[in-house]
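Colleague: Please find one structure pasted underneath; my questions will follow.
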């Protein structure tokens, strides 16, 4: 999985993910969120447009990132999941905690 | 009616990992266009959770060998995974989901939600796992 970080300013970073978010790649996401938050960007938008697959390890990395961002006074939001990702979110009752936004670039437009 | 097809994979982890299973399934789906997208990603999710569990928990330190068979019949898709890891000390009874801020503990519940049969047996010093999903009609 590839991760590209885009700084939108105002403490917002967009992480564009590409590939599979599973036990192989989960630690890379945790590290990137940690780096962004340590660099003062505590509002993290995770763009899932190009994530073709997620498992419970990948979900754990998103939850870890959410906690990291919140501990720094921010938040983590996800955007544009595919049908497989939506299924995993639904089965694990995570749709409320990880509400899916349409577009990562505007996920924090309301603050 | 589609014929039964059988696909096999022998892997050693490490260096193989769950991406090896994903790559095998890509060839399975390419050869089975009759399987719906919903069946594909549901079964793939369950199998990857199973393989992740085996790789993560069954490695006694010397790596692990796995033989995976995926069989597609007219009404089912079945995976049999045989591994050389430690005896599976994993309850197959579906647990409730952990608290929403817990980062692990959801894999087995996901498997049970996505397949109709989950079986485990220990014989010949090997773990034998089997999951089966009834295909959409």
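Bear in mind these aren't lab numbers, they're just calculated from the coordinates by the rules spelled out. This structure is a prediction, so every number in the text was calculated from the model and none was measured. Here the Cβ is made from the backbone with ideal geometry for all residues, glycine too, and neighbour counts use every protein chain on show.
Colleague: Report, in whole Å, the centroid distance computed from the Cα atoms of region A:1-73 and region B:1-27.
Modeller: The distance from the Cα centre of region A:1-73 to that of region B:1-27 comes to 29 Å.
Colleague: Per DSSP H run of at least 4 residues, take -39500 (n - 2.57); add these up for the protein assembly as shown, divide by its residues and hand me the 222 nm value, nearest 500 deg cm²/dmol.
Modeller: On the way: 6 runs with 80 residues, N = 248.
Value at 222 nm, helices only, nearest 500: -10500 deg cm²/dmol.
Colleague: Debye calculation, C-alpha points only, no solvent: report log10 I(q)/I(0) for chain A at q = 0.15, 0.19 Å⁻¹, in the same order as the q values.
Modeller: Results for chain A at q = 0.15, 0.19 Å⁻¹ read -0.53, -0.88.
Colleague: Taking every DSSP beta bridge that has both residues in the protein assembly as shown, what percent is antiparallel when rounded to the nearest 5? All intermediate terms of the calculation are to be shown ahead of the outcome.
Modeller: On the way: 38 of 54 bridges.
Of those bridges, close to 70 percent are antiparallel.
Colleague: Related question: Identify which of B:85, B:107, B:62 has the largest mean-square fluctuation in a Gaussian network model of chain B, with springs joining Cα atoms closer than 10 Å.
Modeller: B:62
Colleague: Under the Kirkwood approximation for Rh and a Cα-based Rg, what ratio Rg/Rh is obtained for region B:5-134? Let's see the in-between values first.
Modeller: Values: Rg = 14.4 Å, Rh = 15.1 Å.
When Rh is taken as the Kirkwood radius, the ratio is 0.95.
Colleague: Using C-alpha positions alone, give me the convex hull volume of region B:1-81 per residue in cubic angstrom. Walk me through the intermediate numbers first.
Modeller: Numbers: hull volume 6.2 nm³, N = 81.
It comes to 77 Å³ per residue, whole-number rounded.
Colleague: First obtain the Kirkwood hydrodynamic radius of the protein assembly as shown from its Cα pairs, then insert it into the Stokes-Einstein equation at 37 °C and 0.692 mPa s, and state the resulting D in µm² per second as a whole number. Can you show the working numbers first?
Modeller: On the way: Rh = 18.9 Å.
Diffusion coefficient, whole number: 173 µm²/s.
Colleague: Using alpha-carbon pairs under 8 Å, 6+ residues apart, how would you state the relative contact order of chain A in percent?
Modeller: Working: 211 pairs, mean separation 28.6, N = 111.
After rounding, I find 26 percent.
Colleague: Considering only region A:2-106, what is the antiparallel percent among its DSSP beta bridges, to the nearest 5? Numbers along the way, then the final one.
Modeller: Working: 7 of 23 bridges.
Roughly 30 percent of the DSSP beta bridges within region A:2-106 come out antiparallel.
Colleague: Hey, another quick one. Let me know the mean shielding of A:53-63 by other chains, meaning the per-residue number of their Cβ atoms within 10 Å of its Cβ. Kindly include the intermediate steps, with their values, before the conclusion.
Modeller: Values: counts 7, 2, 11, 14, 9, 1, 5, 6, 1, 1, 6.
Going residue by residue through A:53-63 and averaging, the value is 6.
Colleague: Then there's this: In what order do B:37, B:97, A:1 fall by count of nearby beta-carbon atoms within 10 Å, going from fewest to most? Let's see the in-between values first.
Modeller: Numbers: B:37 11, B:97 16, A:1 19.
Going from least to most buried by this count: B:37, B:97, A:1.
Colleague: Quick one: B:119, A:75, B:83, fewest Cβ neighbours within 10 Å first, how do they rank?
Modeller: Details: B:119 11, A:75 15, B:83 22.
If I rank by nearby Cβ atoms, fewest first, I get B:119, A:75, B:83.
Colleague: To the nearest whole number, what is the average tally of beta carbon atoms from other chains within 10 Å of the beta carbons of peptide B:36-46?
Modeller: Details: counts 0, 2, 3, 0, 1, 8, 3, 0, 3, 9, 1.
Mean number of neighbouring Cβ atoms from other chains: 3.
Colleague: Using a 10 Å cut-off around each Cβ, can you sort B:96, B:42 from fewest to most neighbouring Cβ atoms? Present the calculation step by step, with values, prior to reporting the outcome.
Modeller: Details: B:96 7, B:42 21.
The order, fewest Cβ neighbours first, is B:96, B:42.
Colleague: Normalised by the residues of chain B, what does the relative contact order come to in percent, with Cα pairs under 8 Å and at least six apart?
Modeller: Averaging sequence separation for qualifying contacts and normalising by length gives 28 percent for chain B.
Colleague: Taking every residue in B:47-56, how many Cβ atoms of other protein chains lie within 10 Å of its Cβ, on average? Spell out each step's value before the answer.
Modeller: Values: counts 0, 9, 6, 0, 3, 6, 2, 0, 2, 2.
Shielding by partners across B:47-56 averages 3.
Colleague: Label points 7 Å out from Cα along the Cβ direction at residue B:71 and residue B:97: separation in nm?
Modeller: With each label point 7 Å from Cα toward Cβ, the separation is 3.4 nm.
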